[in-house]
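The values are calculated or read from the model by the stated rules, or taken from the named source; none is laboratory data. These numbers come from a predicted model, not from an experiment. So basically every Cβ, Gly included, is an ideal-geometry build from the backbone, and we count neighbours across all protein chains shown. These area figures cover heavy atoms from the full protein model, side chains too; ligands, DNA and RNA do not enter into them. Shrake-Rupley method; radii C 1.70, N 1.55, O 1.52, S 1.80 Å.
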Amino acid sequence: MKFSFTRFKDRTSNSLYAASNWLSHQSVPVQKTGFAMLRVFFWLIYVVPGSYMRKTAAALCAASGQATPATIYGQFVDGVLLFAGRIELLSRGRTETIDQLLEIPHKDRLDSIINQHGGAIFALPHCHGALLMVRGLASRYDTLMLVREPKQEARAAAQRRYFANLGCEVLDVRRNNEAVIARSVLKALREGKLVIGTVDRIKEPPPENEPVAKNRDTVRAHAFGKPVGVAGWPARFAAKCKVPIVPVIVEQTPAAVILHLGEPIIASDVLTTTQAWLSALEQFFKQFPGQWIFVYDKHWSRLLRNRETDASFKK
């Protein structure tokens, strides 16, 4: 049976949430033992023969030119375990601790963007520190967070207890229709808010002769030298509201949650704008490969492992 990161994520998320919740109420020695066992589990799925996780880490290593596959995967494991320990602080309302972790190295640049344009769209990839970053950011700036809740209701319910303490408006794009989403995003941007959306979900790209598929809000772009289909909404809303798109990535360390800002992108046509933010994220993936968790999604993994072929989106 082929490894499926989606199945792996679905089956382990609830267990991880439950384990982190239980451990958060235990003594320090029990917590250390519990997290050590979780670390062993993650490394077991890396070292088994033919490991999907190891192959993906190796492909990202080759694409980024960074470190070694084991180093990249080790950073992924460290981040997941840091997140598991910290997210329970958010769940229990200890938000001041999370807020103090956030560091924005170029906060003056962010303030300048907001003062000049009134708002911005953050193009955010899936990172293990992303939710913690949103909480810290929302304590300083008016924010709308777009989320895509899991189809599985149990996982969705588990996540909502964290969303309740984010300190900002949270909109689920899976369970709301397009009109509701569009109204909410436009309203937020016109009110000068930061709109944060995870944008690194990829799908089969539209054909070269029709690179924009409006019916599924998908734009043809390139990442790691391969064609991909990515969301068109950041470019559309940025152009409509005359606000910039800011590519970002979150670096999580034992001492901090660090928000790295890319250069703001002023929207022009949808193809140029979309490629600009995706190229900026690609540079972040190469700079911080261990922070990017969605590389283990089947589409990204296949793309990186098949960079020399045209098989990235074949079933």
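Criterion applied to R140, R183 was being assigned to a loop (DSSP other than H, G, I, E, B), surrounded by fewer than 17 Cβ atoms within 10 Å (Cβ to Cβ), over 19 Å from the mean Cα position of the chain (by Cα) and modelled with pLDDT of 95 or more, and the one residue passing it is R140. For segment 191-225, filtering for residues that are within 18 Å of A120 (Cα to Cα) and in a strand (DSSP E or B) leaves 5.
Just one of K226, K286 is touching a residue at least 60 places away in the same chain (Cβ under 8 Å), of a type in the set (K, R), open to solvent by less than 40 Å² (accessible area, probe 1.4 Å) and over 30 Å from V180 (Cβ atoms); which is it? Unique residue meeting the criteria: K226.
Would you call V270 under 21 Å from the mean Cα position of the chain (by Cα), hydrophobic (A, V, I, L, M, F, W, C), at pLDDT 95 or above and crowded, with 17+ Cβ neighbours inside 10 Å?
no
Scanning segment 46-61 for residues that are among the hydrophobic types (A, V, I, L, M, F, W, C) and either over 28 Å from K226 (Cα atoms) or touching a residue at least 12 places away in the same chain (Cβ under 8 Å) (or both) returns V47, V48, M53, A57, A59, L60, C61.
Just a yes or no: is a residue in segment 126-137 open to solvent by less than 40 Å² (accessible area, probe 1.4 Å), at pLDDT 95 or above, farther than 26 Å from A223 by Cβ and not charged (D, E, K, R)? Yes, segment 126-137 has at least one match. Residues that are within 23 Å of N176 (Cα to Cα) and without any contact (Cβ under 8 Å) to a residue 24 or more places away in the chain within segment 116-156 comprise K151, E153, A156, listed in sequence order.
Checking each residue in segment 78-88 for being hydrophobic (A, V, I, L, M, F, W, C) and in contact (Cβ under 8 Å) with a residue 60 or more places away in the chain picks out V80, L82, F83, A84, I87.
A213: surrounded by fewer than 19 Cβ atoms within 10 Å (Cβ to Cβ) and free of Cβ contacts under 8 Å to residues at least 24 places away in the same chain, yes or no? Against the criterion (surrounded by fewer than 19 Cβ atoms within 10 Å (Cβ to Cβ) and free of Cβ contacts under 8 Å to residues at least 24 places away in the same chain), A213 qualifies.
Check R174, R201 and return the single one that is in contact (Cβ under 8 Å) with a residue 40 or more places away in the chain, closer than 30 Å to V77 by Cβ and among the basic types (K, R). Give the derivation first.
Values: R174 fails: in contact (Cβ under 8 Å) with a residue 40 or more places away in the chain.
Answer to the check: R201.
Residues of segment 249-263 that are open to solvent by less than 50 Å² (accessible area, probe 1.4 Å) and either within 18 Å of G192 (Cβ to Cβ) or over 18 Å from the mean Cα position of the chain (by Cα) (or both): L261 alone. Every test in (1) free of Cβ contacts under 8 Å to residues at least 60 places away in the same chain; (2) under 26 Å from D142 (Cβ atoms); (3) buried (at least 22 other Cβ atoms within 10 Å of the Cβ) is passed by K240 save one, and that test is (3). Checked against the criterion of being touching a Ser or Thr at 6+ places or on another chain (Cβ under 6 Å) and more than 29 Å from A223 (Cα to Cα), the candidates L38, L89, L44 yield just one match: L89.
Would you kindly identify the helices (runs of 4 or more DSSP H) lying entirely within segment 1-98 that contain at least 1 residues that are open to solvent by less than 50 Å² (accessible area, probe 1.4 Å) and at pLDDT 95 or above?
Values: elements: 5-23, 28-47, 52-64, 69-91.
In segment 1-98, the matching helices (runs of 4 or more DSSP H) lie at 28-47, 52-64, 69-91.
Scanning segment 99-114 for residues that are open to solvent by 50 Å² or more (accessible area, probe 1.4 Å) and either without any contact (Cβ under 8 Å) to a residue 60 or more places away in the chain or among the aliphatic types (A, V, I, L, M) (or both) returns Q100, K107, D108, S112.
For segment 204-224, how many residues meet the condition of being more than 20 Å from I249 (Cα to Cα), under 21 Å from the mean Cα position of the chain (by Cα) and modelled with pLDDT of 95 or more? Steps first, answer last, please.
Initial filter on segment 204-224 (more than 20 Å from I249 (Cα to Cα)): 204-220.
After this cut, where a residue has to be under 21 Å from the mean Cα position of the chain (by Cα) as well, the list is 204-205, 216-220.
Next, from what is left, pick out any that are modelled with pLDDT of 95 or more: 204-205, 217-220.
Of the residues in segment 204-224, 6 are more than 20 Å from I249 (Cα to Cα), under 21 Å from the mean Cα position of the chain (by Cα) and modelled with pLDDT of 95 or more.
The rows are residues; the columns are (1) crowded, with 16+ Cβ neighbours inside 10 Å; (2) within 30 Å of K107 (Cα to Cα).
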{"site": "L166", "(1), (2)": "yes, yes"}
{"site": "L171", "(1), (2)": "yes, yes"}
{"site": "N176", "(1), (2)": "no, no"}
{"site": "L194", "(1), (2)": "yes, yes"}
{"site": "T198", "(1), (2)": "yes, yes"}
{"site": "P205", "(1), (2)": "yes, no"}
{"site": "T218", "(1), (2)": "yes, no"}
{"site": "A221", "(1), (2)": "yes, yes"}
